[in-house]
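Everything below concerns the one structure shown next.
The values are calculated or read from the model by the stated rules, or taken from the named source; none is laboratory data. Values in this document were obtained by computation on a predicted structure and should not be read as measured data. Cβ placement follows ideal geometry from the backbone for every residue including glycine, while neighbour counts extend to all protein chains displayed.
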Amino acid sequence: MSSQASTTPLAPNLEISEADFQHTARLVREHFGIHLTPAKRAMVASRLFRVVRERGFDSYHTFCQSMLQNPTYETLSLVVDCISTNHTFFNREPEHLWMLRDEVLPELIAAQRRNREQDVRVWCAASSTGEEPYSLAMVLQDALGADYGGWKAGLLATDISQNALKQAETGTYPTDSVRTLPKAWQDRYFDHRPDGLSVVKASVRREVTFRRFNLMNTSFPFRSPFHAIFCRNVMIYFEDDTRRALLERMANALAPGGWFFVGHAETISGLTNRFRLVHPGAYRKEGR
Ligand SMILES: C[S@@+](CC[C@H](N)C(=O)[O-])C[C@H]1O[C@@H](n2cnc3c(N)ncnc32)[C@H](O)[C@@H]1O
């Protein structure tokens, strides 16, 4: 194959060869679980162009060689920030939000009251730019109402992408995107600015803790088990073995009977027997 045929243009003097793409794909899979199919080569080339240039390399090849020799956390973070798909939006697959409100929380709150506990632990494990965890926090505030202040009911929101987390922490979104939410939420939980942006109110923002966390970490550092984990639309980027191992860690991170949510287009059947399907994309942990 000629060098022209085996490379994807980055810019006039920056190209990504098949071999360099394969090296990059291997590093990304090993460190972040994300499976880059050959069809993603042009996307990788165009998204990494800025990193290569900013780092002062004259070609993708020299950047890739340097990354292979010294795959630092910092460089890998830059790469995953460029290639991860952070696509999300308000009111995505909202049935799970209403399930949390109508089924998960009423049962959990009643059980906690019986045991004289006031602790609801929810983890949004691929929080991207924040639309999903803020919506979950709004459901929690609605469900607990005036009692909210007496409960430990914050939300943990994690993602691998630093750019997405930075954006999420601002809680600032185009007002048009917020309009897909119930009107009562638009009024109660947002400040709408004249410049066409809407900001999640501080009373909701302070209840969501954003942290960078790699789902590939083999041990999860959480002290107490979660009552519900939202892991939606992220395992689609992983291969079956990676999913299987992650599902095992997720089951271990859940309290008995805890809920596990994946995207509607995802299925975990055949990968684990730790969960029972309750509704589309909504599972409960079996046993202890
Ligand atoms: C398509 S978004 C899904 C966002 C949201 N959960 C939803 O359903 O709309 C996928 C997110 O998973 C994150 N992600 C990918 N690999 C990850 C990993 N190994 N650890 C943590 N987050 C990861 C990406 O950065 C991205 O923000």
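Table for the structure above
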quantity: Looking only at region 112-134, and only at residues there that are within 14 Å of the chain's Cα centre (by Cα) and assigned to a helix (DSSP H, G or I), the one that is farthest from the ligand (Cβ to nearest atom); calculated: Tyr134
quantity: Matching residues in region 94-111 - criterion: being more than 15 Å from Tyr283 (Cα to Cα) and within 13 Å of the ligand (Cβ to nearest atom); calculated: Pro94
quantity: Region 18-43 - residue that is polar (S, T, N, Q) and at pLDDT 95 or above and, of those, farthest from the ligand (Cβ to nearest atom); calculated: Gln22
quantity: Meets criteria (modelled with pLDDT under 95, crowded, with 21+ Cβ neighbours inside 10 Å and closer than 15 Å to Val204 by Cβ) for Ala153; calculated: yes
quantity: Residues that are more than 29 Å from Val178 (Cα to Cα) and loosely packed, with under 14 Cβ neighbours inside 10 Å, drawn from region 72-106; calculated: Thr72, Tyr73, Glu74
quantity: Residue in region 61-68 that is within 16 Å of the ligand (Cβ to nearest atom) and either part of a helix (DSSP H, G or I) or touching a strand residue (DSSP E or B) at 6+ places or on another chain (Cβ under 6 Å) (or both) present; calculated: no
quantity: Residue count, region 183-200 (criterion: surrounded by 15 or more Cβ atoms within 10 Å (Cβ to Cβ) and either among the charged types (D, E, K, R) or without any contact (Cβ under 8 Å) to a residue 40 or more places away in the chain (or both)); calculated: 5
quantity: Long-range neighbours under 7 Å by Cβ, at least six apart or interchain, first residue on the phi > 0 side of the Ramachandran plot and modelled with pLDDT of 95 or more within region 105-128, second part of a helix (DSSP H, G or I) and surrounded by fewer than 24 Cβ atoms within 10 Å (Cβ to Cβ); calculated: Ser128/Ala164
